[in-house]
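Here's the structure we're looking at; comments come further down.
What follows draws every value from the coordinates through simple rules; no lab data is involved. As the structure is a prediction and not an experimental result, all values here were calculated from the model. Don't worry about glycine lacking a Cβ; one is built from the backbone with ideal geometry, like all the others, and counts go over all protein chains shown.
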Protein chains: 2
Amino acid sequence: MSTLNVMGQKAQQAGYELATATTSQKNQLLTLLAKGLKEKQTAILAANSIDITAAQEAGLNESLIDRLLLNEDRLNAMADDVLRLCQLDDPVGEETESKVLENGLRLSKRRVPIGVMGVIYEARPNVTIDIAALALKTGNAAILRGGKETINSNLALLTIIEEALVEAKLPSAAIQYIENTDRALIGELLKLDQYVDMIIPRGGKGLHRLCVEQSTVPVITGGIGICHLYAQADCDLDKSIEIIHNAKVQRPSVCNSLDVVLVDSDIADVLLPKLAARLASDDVLLKADERALSILKPLACRVEPIEEEDFDTEWLSLTLTVKIVDDIDAAISHIRNHSSQHSDGILTNSLQSAEKFVNQVNSAAVYVNTSTRFTDGSQFGLGAEVAVSTQKLHARGPMGLKELTTYKWIGVSDYLVRT
Amino acid sequence: MSTLNVMGQKAQQAGYELATATTSQKNQLLTLLAKGLKEKQTAILAANSIDITAAQEAGLNESLIDRLLLNEDRLNAMADDVLRLCQLDDPVGEETESKVLENGLRLSKRRVPIGVMGVIYEARPNVTIDIAALALKTGNAAILRGGKETINSNLALLTIIEEALVEAKLPSAAIQYIENTDRALIGELLKLDQYVDMIIPRGGKGLHRLCVEQSTVPVITGGIGICHLYAQADCDLDKSIEIIHNAKVQRPSVCNSLDVVLVDSDIADVLLPKLAARLASDDVLLKADERALSILKPLACRVEPIEEEDFDTEWLSLTLTVKIVDDIDAAISHIRNHSSQHSDGILTNSLQSAEKFVNQVNSAAVYVNTSTRFTDGSQFGLGAEVAVSTQKLHARGPMGLKELTTYKWIGVSDYLVRT
């Protein structure tokens, strides 16, 4: 039996035990995990420094190295996040749609853990703790596979997790880590449908595509945000410029930041110069289509003509694609063709336009006069965020604890037969 | 562009239009479809007789030919089923979890169609109408691929569907059919994730496995029921025998019928002879493990020793696997290893045993003192049944209209930025 098959079998077994753990057992476990993160920092930081040295020797850039870096503050923040999870309601066990049928059969849908999650992620070591804590809070087992740049940090964190599990008298195989950094193991994990119930990829487009193409386990795809705002002719110009500025500039490196602004041709002459001036102070590079370029070129702003891929690019930086459209139908059609169905919005004071946009744009989050930056588990009041799904089955948009559960139907009667 | 790519593109476009169709438009469409099925029977039956003749010439067995056969009664029943769908609530547009966040952002989850369904099914032509009507009621487009034995019947039914769509002024590409019966086309459909949002296979284990292994589109697996009842020591013997009899005999050819009975060793000596006598009247063949065989062999019943695959076989016939287990833990463990997670139940008067079983057996439907035959959309009061899912993401157990929808988050504010 392959290593991964053994891990899968152990994870499934651990999942059975976790599924019947009480909320207080699970919260005690999380408390122990937070304690471990605060008390055993020397060992974690020593392991992390090996990763950091290797990264420096490999010539990784500063921002990547910063993502790998752990320090006391960061470990304390991770521990505090774990403790905050204790405060959240445990979704497991909730019953919905309970009813007694005409024949006397008492039927209910009970929320239960999914079972075993497979999570594939890239550099940041904090994801290891984040995912482990979310999985355990919802009674799920998990098999993790992090980036090779953080292998030492991740294994040190796994030790803390395992110690907490043992101390809480829960199965230590509840969270397992694939230590072999060979990429072939990802392929094996994706075929482990006998034991793994859900794959969550957390990384770039390539990783998501790999999972979609190779996995026999259901995959939650998402995290890629090619986000649009359409400034309709009836929008409030000054307020709309603030929304566009916020969506682009407030935190450009994340998936819900703005990538493309579509401007109605009726207001382009007025809006674009004002917008360019507002964005110039943050040194935003505009990539403009031909019509927008003719307005922006003479102005004192950074502007370039668009290139072929620009309508399908998630910038994750201070770059913004600008296109002029003739009407709302053109805007909706552009969004349907180019959006990653993450977060798209309209800026308008027209009720009809807002309704039409909301009805016809089918993205995970659709906004009216609101920054796309709000698509986020904590902003949405979910308490936690596992991932942002841009697919349509199971969960859409920010996924919280509930989205790590499924349900079973329970039927109870006094020896009822079907006639 | 391949034929299937063109179909996918058309289906996506039709889905956009259907998504904003009103409930009365969709009900009018269903009414026209039912009318077509009643009024245009000559053409449908002529096409069907070509399929029947071909099946007879190919030497298909009687029961398969019966599944292919259409006649006036069957067409009228199909039309009546379509009309009944009009009476059901349209799930599209319902908003849940609406709230106003502290910052004033008004947020809601709105139920919307999934988009485009791909459905792959085997012999019965009634599935064509069934799936088309369910998809249209929920505002989804669909691409269908039926068995080659029913190609003429299906194409005749497609004509009726298209005529109804045109008359209702809805896009005729809302329901498309893959006319080419080459199996390679199934492979192409499964890779059409650019346009298709969900694959529903309706057929045997081989078809489901093909979809799981090849599809890049999320798949709803299910329909395979290896169902168990565990007769615990504290059960009411006579009533338990009636439940087992009902679950096995009432309609053995369907997925929720019983396949394996697990009998507690404390009651095996008493229960098995009574059970054998009750099942003998229906000529049920028992496949018994060694311990059960020693009890059953001397009795006047049809009994054989179990073979290797019997614990993992969905009988779909009057055969029942019988195994003696030492306690509830052994029963749960057996079910976890062999169940297809469709429908499993316990027979007991012990509250503790019932609770334990319900908590530890994680199947789509878990029963206490109830026949497994109840796992069914209409029995569960869902009004309709698209499929029975045995996977854990999206939907579990009988899937009704709601399970053909997803949701989008809608955020509305007065030009709110994230700080």
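Using the Cα atoms of the range A:68-225, I'd like the radius of gyration and the largest Cα-Cα distance, Dmax, both in angstrom.
Rg, Dmax (Cα atoms, Å): 17.8, 62.
Counting only Cβ atoms, what residue of chain A lies nearest to the axis that sends chain A onto chain B, and how many whole Å off?
Taking Cβ atoms only, the nearest residue and its distance are A:HIS394, 2.
In Å, the Kirkwood hydrodynamic radius of the protein assembly as shown over pairs of distinct alpha carbons? Don't skip to the end; give the middle numbers.
Working: mean 1/r = 0.0345 Å⁻¹.
Across the protein assembly as shown, the inverse of the average 1/r is 29.0 Å.
Which of A:GLN391, A:GLN12, A:GLN379 ends up with the largest GNM mean-square fluctuation for chain A, with Cα atoms connected below 10 Å?
Highest fluctuation among the options: A:GLN379.
May I ask for the angle, rounded to the nearest 10°, between helix B:351-360 and the longest principal axis of chain B, with both axes built from Cα atoms and the value confined to 0 to 90°?
50
Label-point separation (nm) for A:GLU57 and B:GLU213, each offset 7 Å from Cα along Cα-to-Cβ?
Between A:GLU57 and B:GLU213, the label points sit 4.4 nm apart.
Can you put A:ASP197, B:ASP266 in order, fewest other beta carbons within 10 Å first?
Working: A:ASP197 23, B:ASP266 14.
Lowest to highest Cβ neighbour count: B:ASP266, A:ASP197.
I need the calculated FRET efficiency for the pair B:ALA43 and B:LYS274, taking r as the beta carbon distance and R₀ as 41 Å, to the nearest 0.05.
Values: r = 55 Å, r/R0 = 1.34.
According to the calculation, E is roughly 0.15.
Check B:GLY345: other-chain or 5+ apart residues with amide H under 5 Å from its amide H, H built from backbone geometry?
So B:GLY345 has HN proximity to B:HIS228, B:LEU229, B:TYR230, B:TYR367.
Quick one: how many lysine pairs does the range B:303-413 have with C-alpha atoms less than 23 Å apart and a gap of 8 or more or different chains? Give me the count, please.
Numbers: B:LYS323/B:LYS356; B:LYS356/B:LYS392; B:LYS392/B:LYS402; B:LYS392/B:LYS408.
So the count works out to 4.
How large is the translational diffusion coefficient of the range B:83-159 in µm² per second when you combine the Kirkwood radius over alpha carbon pairs with Stokes-Einstein at 25 °C and 0.890 mPa s?
Details: Rh = 14.9 Å.
My calculation gives 165 µm²/s for D.
Could you list B:VAL119, B:VAL166 so that the one with the fewest beta carbons within 10 Å of its beta carbon is first and the one with the most is last?
On the way: B:VAL119 26, B:VAL166 12.
The most exposed by this proxy come first: B:VAL166, B:VAL119.
Quick one: what do you get for the range B:307-373 if you divide its Cα Rg by 2.2 N^0.38 Å? Each step should come with its number before you reach the end.
Details: Rg = 12.0 Å, N = 67, 2.2 N^0.38 = 10.9 Å.
Computed over Cα atoms of the range B:307-373, the ratio equals 1.11.
If you put +1 on each Lys and Arg Cβ and -1 on each Asp and Glu Cβ, how big is the dipole of the protein assembly as shown around its Cα centre, in Debye rounded to 20?
Working: 82 positive and 112 negative charges, 127 e Å.
Dipole of the protein assembly as shown, to the nearest 20 debye: 620 debye.
5 Å is the cut-off here: which amide hydrogens, built 1.01 Å from N in the peptide plane, fall below it relative to B:THR406, excluding neighbours closer than 5 in sequence?
Sorted by chain and number, the residues that satisfy this are B:VAL112, B:ILE114.
Can you find, among B:GLY118, B:ALA168, B:ILE306, the residue sitting farthest towards the positive end of the charge dipole of chain B, where Lys and Arg contribute +1 and Asp and Glu -1 at Cβ?
B:ALA168
Using r as the Cβ-Cβ distance of B:GLN194 and A:SER333, and R0 as 22 Å, what FRET efficiency do you calculate, to the nearest 0.05?
Working: r = 16 Å, r/R0 = 0.74.
According to the calculation, E is roughly 0.85.
What is the extension gain from A:LEU316 to A:THR159, computed as 0.36 nm multiplied by their sequence separation minus the C-alpha to C-alpha distance, in nm to one decimal?
Numbers: separation 157, 0.36 × 157 = 56.52 nm, distance 3.37 nm.
Residue separation times 0.36 nm, minus the Cα-Cα distance, leaves 53.1 nm.
For A:SER253 paired with A:ALA184, estimate the spin-label separation in nm (one decimal), with each label point 7 Å from Cα along the Cα-to-Cβ line.
Result for the modelled spin labels: 3.5 nm.
Among A:THR216, A:VAL368, A:SER339, whose Cα projects farthest towards the positive end of the dipole of chain A, with charges put on the beta-carbon of Lys, Arg (+1) and Asp, Glu (-1)?
A:THR216
Please rank B:VAL212, A:VAL366, fewest neighbouring Cβ atoms within 10 Å first, as an exposure proxy. Could you put the intermediate results ahead of the total?
Numbers: B:VAL212 19, A:VAL366 28.
In increasing order of surrounding Cβ atoms, one gets B:VAL212, A:VAL366.
Let me know the whole percent of all Cα-Cα pairs from the range B:227-378 that are separated by more than 24 Å. Intermediate values should be presented prior to the final figure.
Values: 2395 of 11476 pairs.
Of all Cα-Cα distances in the range B:227-378, 21 percent exceed 24 Å.
Quick one: divide the alpha-carbon radius of gyration of the range A:197-269 by 2.2 N^0.38 Å and tell me what you get. Kindly include the intermediate steps, with their values, before the conclusion.
Numbers: Rg = 17.2 Å, N = 73, 2.2 N^0.38 = 11.2 Å.
For the range A:197-269, the normalised Cα radius of gyration comes out at 1.53.
Using only the alpha carbons of chain A, determine the length spanned along each of the three principal axes and report them from longest to shortest in whole angstroms.
71, 70, 37
For A:ASN76 and A:GLU167, what does the FRET efficiency come to when R0 = 22 Å and r is the distance between their Cβ atoms, rounded to the nearest 0.05? Intermediate values should be presented prior to the final figure.
Details: r = 20 Å, r/R0 = 0.92.
The value I calculate is 0.60.
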